[in-house]
1. Going by what's in this entry, would Val15 be described as at pLDDT 60 or above, surrounded by fewer than 20 Cβ atoms within 10 Å (Cβ to Cβ) and β-branched (Val, Ile, Thr)?
2. From the list Val74, Val61, which one is in contact with a His (Cβ under 6 Å, 6 or more places away or on another chain) and either of a type outside the set (A, V, I, L, M, F, W, C) or at pLDDT 60 or above (or both)?
Amino acid sequence: MIDCCLVGAGFIGPVHAANPRRGSRGSSVDAVIVCTPPRTHAPIIEAAARAGKAIFCEKPVDLDLGRVERCAEVLRACLRPHFSKKPPVKIIA
């Protein structure tokens, strides 16, 4: 079983996740699902990557190409294998 942290839900995300970075770094969390407004994706992705979590993010990563490239650099530095098949998932956010 993979424990996931669901971060946000569109523009209502801040109501459900007051501090998304806290959940994305939790030691019991294996993966982070990012469903927040695009401007918040890259910082959450980077925090989760640095914490060694698997990440699923809705598109786009960001609206600024430079920001996407910087995020990609963090991801490359913190590379973690991706899932090639759907694993069993339990949402614990």
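The values are calculated or read from the model by the stated rules, or taken from the named source; none is laboratory data. Note that the coordinates shown come from a computational prediction; the quantities given were computed from them, not determined experimentally. In this analysis, Cβ positions are derived from the backbone assuming ideal geometry, glycine residues included, and neighbour counts consider all displayed protein chains.
1. On the way: at pLDDT 60 or above: no; surrounded by fewer than 20 Cβ atoms within 10 Å (Cβ to Cβ): yes; β-branched (Val, Ile, Thr): yes.
For Val15, the condition - at pLDDT 60 or above, surrounded by fewer than 20 Cβ atoms within 10 Å (Cβ to Cβ) and β-branched (Val, Ile, Thr) - is not met.
2. Values: Val74 fails: in contact with a His (Cβ under 6 Å, 6 or more places away or on another chain).
Result of the check over Val74, Val61: Val61.
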